[in-house]
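Participant: Below is a structure I'd like to ask you about.
The values are calculated or read from the model by the stated rules, or taken from the named source; none is laboratory data. Please read these numbers as outputs of a predicted model, since none were measured by experiment. Here the Cβ positions follow ideal geometry from the backbone for every residue, glycine too, while neighbour counts run over all protein chains shown. Areas reflect the complete protein model, heavy atoms only, side chains present, ligands, DNA and RNA absent. Shrake-Rupley method; radii C 1.70, N 1.55, O 1.52, S 1.80 Å.
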Amino acid sequence: MTIVTADFAMSLDGCIAGTGVSLDNPGGHGAEALFHWIHELASWRERQGLSGGEENRDSQIMREWFDATGAVVMGRLMYDTGEKPWGDNPPFRAPVFVLTHRPRRPVVKQGGTSFTFVTDGIHSALEQARAAAGGRNVDIAGGADTVRQFLRAGLVDELQLHVVPVLLGEGLRLFDRIGPEQRKLEPIRVVDTPRATHLKYRVMK
């Protein structure tokens, strides 16, 4: 059964990116503290076409997420900041649907990744992603505003947060301006490692 997920590394004070996010600095200032641990994992390195890395519980959790995802939805800013560093073989290995106001022809990359640009809103993007996912999950990859739109619309089924033991002080917070409606979360799993506390929730409708 296809479910809709969102998965983010997050600082203890709620930031998923640093300050000054731009095309040249997609993670913002201070983002290395959030993502360094991921880049050392064997499952992450496999996705980048690299060898080596640590095979541990963190790596297993990331591999579980990768393997369960059959399609991805993202915003145009995330695409624009990632297009160059992802190169010809992006790590998604699945169809990606990009929300945008600027039409563009589909882009097909190596490794099973394709980018389709959707100009008629989140419901259309999700419908197309579900059809392309082959029964696997649809992941709402970001950025923060894209995830907020899906949360406000009640379209996210599961939320996974990898809470990193660091305080950024300031940066891009995922849950700012989430809307006035209360969202109740049901805990599914908590895994604590020295690198992060992995929290998975079901979003109650």
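Participant: Within the set of other residues whose C-beta is less than 12 Å from the C-beta of Arg189, count the net charge using Lys and Arg as +1 and Asp and Glu as -1.
Facilitator: Net charge around Arg189: -1.
Participant: State the extension gain, in nm to one decimal, for the chain segment bounded by Glu170 and Gln48, taking 0.36 nm per residue of separation less the distance between their alpha-carbons.
Facilitator: Computed gain between Glu170 and Gln48 is 41.0 nm.
Participant: Between His39 and Ala131, what length in nm is gained on full extension when 0.36 nm per residue of separation is reduced by their alpha carbon distance?
Facilitator: Separation in residues times 0.36 nm, less the Cα-Cα distance, equals 30.0 nm.
Participant: What figure, in Å² to the nearest 10, do you get for the accessible area of Arg183 with a 1.4 Å probe and non-protein molecules left out?
Facilitator: 70
Participant: So what's the net charge close to Gly87: Lys and Arg +1, Asp and Glu -1, counting the other residues with Cβ under 14 Å from its Cβ?
Facilitator: After counting each charged neighbour, the total is +2.
Participant: If you rank Val108, Val138, Val21 by how much accessible surface each has, with a 1.4 Å probe, what is the order from largest down?
Facilitator: Final ranking, largest accessible area leading: Val108, Val21, Val138.
Participant: Hey, got the dipole for region 41-117? About the Cα centre, +1 on K and R Cβ, -1 on D and E Cβ, debye to the nearest 20?
Facilitator: In total the dipole reaches around 440 debye.
Participant: Next question. Is region 1-120 best put as rounded, prolate or oblate by its Cα gyration tensor, with a ≥ b ≥ c the root eigenvalues, rounded for a/c under 1.5, and otherwise prolate when a/b is larger than b/c, oblate when not?
Facilitator: oblate
Participant: OK, next. May I ask you to compute the full-extension gain from Val190 to Lys205, defined as 0.36 nm times their residue separation minus their alpha-carbon distance, rounded to one decimal in nm?
Facilitator: Stretched out fully, the Val190 to Lys205 stretch lengthens by 3.3 nm.
Participant: Could you list, bin by bin from short to long, the percent of Cα-Cα pairs of region 10-55 in 5 Å steps?
Facilitator: Result returned by the calculation: 6, 22, 21, 17, 20, 12, 2.
Participant: Shape of region 77-164 from its Cα gyration tensor (a ≥ b ≥ c, root eigenvalues): rounded if a/c is under 1.5, otherwise prolate when a/b > b/c, or oblate?
Facilitator: Note, shape of region 77-164 comes out rounded.
Participant: Further question: If you rank Met78, Met62, Met204 by how much accessible surface each has, with a 1.4 Å probe, what is the order from largest down?
Facilitator: Largest to smallest exposure gives the sequence Met204, Met78, Met62.
Participant: Next up: Give the value in nm², to one decimal: projected area of the alpha carbon convex hull of region 116-205, averaged over all directions.
Facilitator: 7.5
Participant: Could I ask something else about it? Quick one, which of [x] 8, 34, 36, 18, 3, 0; [y] 8, 24, 26, 22, 17, 4; [z] 9, 34, 42, 15, 0 is the actual P(r) over Cα pairs in 10 Å bins from 0, in percent calculated for this model?
Facilitator: [z]
Participant: State whether region 49-112 is rounded, prolate or oblate according to the following rule on the C-alpha gyration tensor (a ≥ b ≥ c being the square roots of its eigenvalues): a/c under 1.5 gives rounded; otherwise a/b larger than b/c gives prolate, and the remaining case gives oblate.
Facilitator: prolate
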